[in-house]
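A.B. asks: Sharing a structure below in structure tokens format, with a few things to ask.
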Amino acid sequence: MNRFFCSFCSLAVAVLLPVSATAQTQNVAVTISGEVSGPELPSRFLGLSYESSMLLTNQDGKYYFDPSDQALVNIFQTLGIESLRVGANAVDDPRIPIPQEKDIDVLFRFARTAGAKVIYSFRLKNGDPANSARLAHYIASRDADLLDCFSIGNEPDIYLKTFDAYFAQWKPHYDAILKAVPNAMFDGPAAVVNDSYTLDLAKALFPLGHLAIASDHYYFLGNGREGEKDPAATRARFLSNRLHEDYDKTYAEIGAVLAAQGVPYRIDELNSCYFGGAKDASDTFASTLWALDCIHWWAAHHILGMNFHTGESVGRDGGFGAANYAAFLHQPDGHGFVIRPQSYGYLAFSQGAHGNSLPVTIQAVTNFNCNAYAWRDHDGSAYVTLINKSYGADAQPMSVSLLLQGTGAGSWQRMDLTQHDQDVAAKTGITLGGAPITSQGTWSGQWTKIASARALTVQVPAASAALLHFTPAK
Ligand code: BDP
């Protein structure tokens, strides 16, 4: 079947395109509606998620969220990370101490320096409501301007098998925190297996006026240990448009239902594969292109944002350890960071998504894994991201006939997201706009002027993405 879809619906209609005269080049037609009918990109859309244990000092007595760590501050600002969620498995794990006032101070000082707001989680499983209420009051009285909201527990649907059992355990914590902080707002239930908890909590809580975010978690590519058994096959799944069927299904079940009810919804933790990701897939250039597509897809729907799980140590395999999906990790010598491939997906999204999502139709031949997303910024300029996910033996450059409707003359600039060998298994050698992200978290990529026209043809090499920026003539 040929594919014809619009980024706001999964309408499948057969459209036949002429086969390209140039061997191996795929002709793709992308038409962007000039009508701004899509959602506006919410502030703080892009976020990271960390284990609560990352708030504690490490074996050298050092804090990770050190406000004087300029490299980490730079990374947040360069990647466009404006939401910082702390919680995950560590928040409910009895082996992990509960962060106290001093740890909290350091976290919020970091958030202030980096320009991010915090979703702060308290312990639910065997947690002490009075202790959480005390710390909630501490946070609200010092750092209310940096606090997005509180959350209680992580993925409770794994061990509390009914919503009623969960709610009965959750409510005393909520009540105690609300008593200490009467205007407190909450994120919940941070469910992972049973998404009905998200709808049920919204139903119970939203009318009371204290639910800031209804949330759930996704690991769209499944179990990391399974994924590592055949990394090539796993990378192929990262780069398949079939994932859009999963996104469609989950959005229809949760996001769209909440949007219709006017309830704010956020995926407050996600990544590719759970159990810390799949080695040789979650840590490769395939994950860059996966993340870029995934973020654009969800941003074109009605959700508040997404927090990608990361950190030096994450919950995995029943304990804690290094994550294959980590976006960046401290260099072994402690100076600066090793920037992992997935960071480039976040950076490319932040560079190419501003204003309102524009409806896009893509015409391409069967099973060619390409994507296109478009945004209209408040200054009238437009941004387009074209992703060519073909690679290896099936690598095919694409030639995109691009039409931006409802616009007059103007000029285009371009910036490419590439890996220098066009190798989706690569872990290094990635640049955006000709520059890598440095170990100090800085990036000096550039837009390049390419044409002056409303419509143009754009060549996008295999295993790469092209970002375009259109500025209307004055
Ligand atoms: C999530 C947990 C997080 C883990 C992650 C994983 O909240 O703590 O690190 O799974 O398994 O469900 O990678």
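A.B. asks: Taking the condition of being in a helix (DSSP H, G or I), surrounded by fewer than 18 Cβ atoms within 10 Å (Cβ to Cβ) and not charged (D, E, K, R), how many residues in the range 251-265 meet it?
C.D. replies: Adding up the residues that qualify gives 6.
A.B. asks: Residues of the range 105-142 being in a strand (DSSP E or B) and of a type in the set (S, T, N, Q), which ones?
C.D. replies: Listed by number, the list holds a single entry, SER121.
A.B. asks: Limited to the range 188-204, what total is found for residues that are closer than 19 Å to VAL86 by Cα and among the hydrophobic types (A, V, I, L, M, F, W, C)?
C.D. replies: Residues meeting the conditions: 3.
A.B. asks: Exactly one condition in (1) within 21 Å of LEU48 (Cα to Cα); (2) crowded, with 21+ Cβ neighbours inside 10 Å; (3) away from the ligand (no atom under 16 Å from the Cβ) is false for ASP268; which is it?
C.D. replies: (3)
A.B. asks: In the range 435-470, which residues are small (Gly, Ala, Ser) and under 25 Å from ASP394 (Cα atoms)?
C.D. replies: Residues satisfying the conditions are ALA462, ALA463, SER464, ALA465, ALA466.
A.B. asks: Given GLY336, GLY321, GLY305, which one is touching a Ser or Thr at 6+ places or on another chain (Cβ under 9 Å) and surrounded by 24 or more Cβ atoms within 10 Å (Cβ to Cβ)?
C.D. replies: GLY305
A.B. asks: Taking only the range 271-313 into account, find how many residues are of a type outside the set (A, V, I, L, M, F, W, C), modelled with pLDDT of 95 or more and away from the ligand (no atom under 15 Å from the Cβ).
C.D. replies: 7
A.B. asks: Check off (1) touching a residue at least 60 places away in the same chain (Cβ under 8 Å); (2) within 16 Å of the ligand (Cβ to nearest atom); (3) not hydroxyl-bearing (Ser, Thr, Tyr) for PHE368 and give me the number that stays unchecked.
C.D. replies: (2)
A.B. asks: Return only the number of the condition from (1) crowded, with 21+ Cβ neighbours inside 10 Å; (2) farther than 20 Å from ASN307 by Cβ that PHE150 does not satisfy.
C.D. replies: Going through the list (1) crowded, with 21+ Cβ neighbours inside 10 Å; (2) farther than 20 Å from ASN307 by Cβ, PHE150 breaks only (2).
A.B. asks: Given ARG316, ARG340, ARG376, which one is in contact (Cβ under 8 Å) with a residue 12 or more places away in the chain, away from the ligand (no atom under 16 Å from the Cβ) and among the basic types (Lys, Arg)?
C.D. replies: That would be ARG376, the only listed residue that is in contact (Cβ under 8 Å) with a residue 12 or more places away in the chain, away from the ligand (no atom under 16 Å from the Cβ) and among the basic types (Lys, Arg).
A.B. asks: Check the range 77-95 and report whether any residue there is surrounded by fewer than 22 Cβ atoms within 10 Å (Cβ to Cβ), farther than 14 Å from SER121 by Cα and without any contact (Cβ under 8 Å) to a residue 40 or more places away in the chain.
C.D. replies: yes
A.B. asks: Being closer than 30 Å to TYR373 by Cα, in contact (Cβ under 8 Å) with a residue 24 or more places away in the chain and either in a loop (DSSP other than H, G, I, E, B) or hydrophobic (A, V, I, L, M, F, W, C) (or both) is the requirement here; does SER49 meet it?
C.D. replies: For SER49, the condition - closer than 30 Å to TYR373 by Cα, in contact (Cβ under 8 Å) with a residue 24 or more places away in the chain and either in a loop (DSSP other than H, G, I, E, B) or hydrophobic (A, V, I, L, M, F, W, C) (or both) - is not met.
A.B. asks: Taking the criterion of being within 30 Å of ILE152 (Cβ to Cβ), within 16 Å of the ligand (Cβ to nearest atom), of a type outside the set (Lys, Arg) and crowded, with 18+ Cβ neighbours inside 10 Å, would at least one residue in the range 222-241 satisfy it?
C.D. replies: Taking every residue of the range 222-241 in turn, at least one turns out to be within 30 Å of ILE152 (Cβ to Cβ), within 16 Å of the ligand (Cβ to nearest atom), of a type outside the set (Lys, Arg) and crowded, with 18+ Cβ neighbours inside 10 Å.
A.B. asks: Could you please find all residues in the range 192-212 being at pLDDT 95 or above and within 15 Å of the ligand (Cβ to nearest atom)?
C.D. replies: Correct list: VAL192, TYR197, THR198.
The values are calculated or read from the model by the stated rules, or taken from the named source; none is laboratory data. Just so you know, these numbers come straight off a predicted model, no measurement behind them. Glycine gets a Cβ as well: all are built from the backbone with ideal geometry, and neighbour counts include every protein chain shown.
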